[in-house]
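Heads up, the thing below is written out as structure tokens.
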Amino acid sequence: MMRLLGYFRSSSSYRCRIALNLKGLAYENAPVNLRAGAQHEPDFERINPQCLVPALVTDEGHALHQSLAIIEWLDETHPAPPLLPAEPDLRAAVRGFAQTIACEIHPLQNLRVLEYLSGELGVDAGRKSAWLAHWIGEGLAACEDLLARRAENTKFCFGDTPGLADICLVPQIYSAARFGVDIGALTRINDIHQRCEALPAFAEAHPARQPDYRE
């Protein structure tokens, strides 16, 4: 059985849980306590030298890292249901939307970045909150604009079934709420989020439903 090493509140781990659920794949959920520094322990470092979650250990024992690479591997090895469209232009649009979140917004709210701001640079809580509000708010506003430019309005980000873009969007909205960022005006994003949350694959991947969850 595949083994997903992650953390309940990690956006990138959350993405992988959703993808595995959408594919209907069984996996072992193996928590890595980031707050306790478990990602730096030798056993985990042997799996991922970058000391970041998630990591996916395949049935054959291969260790994969980086959530988007893991999700695309899942899509290639377990094609149904597809998480990326077949048409090249739309496929690029989905990847672009996903990377707007995974590469531009998410890294700036990462635990190690926030700890560096507080510890090394002495940024106080108020300024750190302003940092988060700026980058999360600006990034999700860009995502809202990308959805507004679609050729047609669809139930989910880029189709009538959820895919890679939705997988990245839902954890980022969870993070926005966690950090107190107001995105109430982003109606397209919020509508899609509600539709996703009504699906078992998304609901079961929610941080509050993970074995390592705590307030």
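No value in this document is a laboratory result; all are computed from the given coordinates. Not measured: the values here are computed from a predicted model. Every residue, glycine among them, receives a Cβ derived from its backbone with ideal geometry; neighbour counts consider all protein chains shown.
Normalising by residue count, the range 88-202 has a Cα convex hull of 102 Å³ per residue.
In debye, nearest 20, what is the charge dipole magnitude of the chain about its Cα centre with +1 on Lys and Arg Cβ and -1 on Asp and Glu Cβ, if you could check?
On the way: 20 positive and 27 negative charges, 64 e Å.
So the magnitude is around 300 debye.
Would you list 101, 189 from fewest to most Cβ contacts within 10 Å?
Values: 101 26, 189 22.
Ranked by crowding around the Cβ, least crowded first: 189, 101.
Across the options 187, 131, 164, the greatest Cα extent toward the positive end of the charge dipole of the range 88-202 (unit charges at beta carbon of Lys, Arg, Asp, Glu) belongs to 164.
Classify the range 45-137 from the C-alpha gyration tensor, please: rounded if a/c falls under 1.5, else prolate or oblate depending on whether a/b exceeds b/c. The shape class here is oblate. Summary of packing: across the peptides 32-38, 64-70, 114-120, the per-residue average of other C-beta atoms within 10 Å ranks them, highest first, as 64-70, 32-38, 114-120.
Can you divide the C-alpha Rg of the range 2-81 by 2.2 N^0.38 Å and report the result to two decimal places? Kindly include the intermediate steps, with their values, before the conclusion.
On the way: Rg = 11.9 Å, N = 80, 2.2 N^0.38 = 11.6 Å.
Ratio of Rg to 2.2 N^0.38 Å for the range 2-81: 1.02.
One decimal place: the segment residue 28-residue 80 gains 16.7 nm when fully extended, by the rule 0.36 nm per residue minus the C-alpha distance. For the chain, the gyration tensor built on C-alpha atoms gives an oblate shape. Its axis ratio a/c (a ≥ b ≥ c) is at least 1.5, and a/b is not larger than b/c.
What does the net charge come to around residue 113 if you take all other residues with beta carbon closer than 11 Å to its beta carbon, with K and R at +1 and D and E at -1?
On the way: positive: 112, 128; negative: 115, 120.
Taking every other residue near residue 113 into account, the sum is 0.
With K and R counted +1 and D and E -1, the other residues having a Cβ less than 14 Å from that of residue 35 yield a net charge of -1.
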